Amino acid sequence: MNSVFRESVEPNEPVEEKSFEPQPSVSDNRIEPPFTDYETAHGHPFVVDHYELGDTWQEKMGGFLPEVQEITTYLMRKIGAKEIDNSTDAVKETIKGLEKVSNVKKSDRIVTKIAKVSAYVEFLNKVDGARWR
């Protein structure tokens, strides 16, 4: 009974040894600024990026300047009163809540969404202003 369990196998081709060179790590070192510094860092308010308004948001005809200012003022006041954190994540959640209360649907166009939220925020700003008189 002559059985062989292992046989040595010689490779037919020479094996190339590859040297390992560490690749430079590619990481995004940019840290998202707090909400209050977002406009300075990006050149436009956070609301412009959130609603994807593009470069035409400041135009007199068809722009969203009053709406963006109204929403931004409301959010800055909330941050100043320490009711929400000074982060874009906290602001996103706040906007989501405003949209829910304003009956904004996912299928609504951007124009409708920002108009509803802006009108609701304008109302909240007036109520808060009347409260402190």
Check T56 against each of (1) assigned to a loop (DSSP other than H, G, I, E, B); (2) over 18 Å from the mean Cα position of the chain (by Cα) and name the one condition it does not meet. (1)
(1) modelled with pLDDT under 90; (2) under 30 Å from V127 (Cβ atoms); (3) within 16 Å of the chain's Cα centre (by Cα) all hold for E32 apart from (2)
Step by step: first the residues of the stretch 63-100, then only those that are in a loop (DSSP other than H, G, I, E, B) and farther than 15 Å from S118 by Cβ, then the one that is farthest from the chain's Cα centre (by Cα). Which residue is that? A81
Condition check for K116: of a type in the set (K, R), exposed (fewer than 13 other Cβ atoms within 10 Å of the Cβ) and either touching a Phe, Trp or Tyr at 6+ places or on another chain (Cβ under 9 Å) or farther than 21 Å from A41 by Cα (or both): no
When you look at S87, is it more than 17 Å from Q69 (Cα to Cα) and touching a residue at least 40 places away in the same chain (Cβ under 8 Å), yes or no? yes
Filter pass, V48 being over 18 Å from L124 (Cβ atoms), touching a helix residue (DSSP H, G or I) at 6+ places or on another chain (Cβ under 8 Å) and not in a loop (DSSP other than H, G, I, E, B): yes
Exactly one of T88, T112, T94 is hydroxyl-bearing (S, T, Y) and touching a helix residue (DSSP H, G or I) at 6+ places or on another chain (Cβ under 6 Å), and that residue is T88
Within the stretch 30-65, residues within 24 Å of L98 (Cα to Cα), exposed (fewer than 10 other Cβ atoms within 10 Å of the Cβ) and among the small types (G, A, S) come out as G62
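The values are calculated or read from the model by the stated rules, or taken from the named source; none is laboratory data. Everything quoted here is computed from the prediction, not taken from an experiment. Cβ coordinates were reconstructed from backbone atoms using ideal geometry, including for glycine residues, and neighbour counts include every protein chain displayed.
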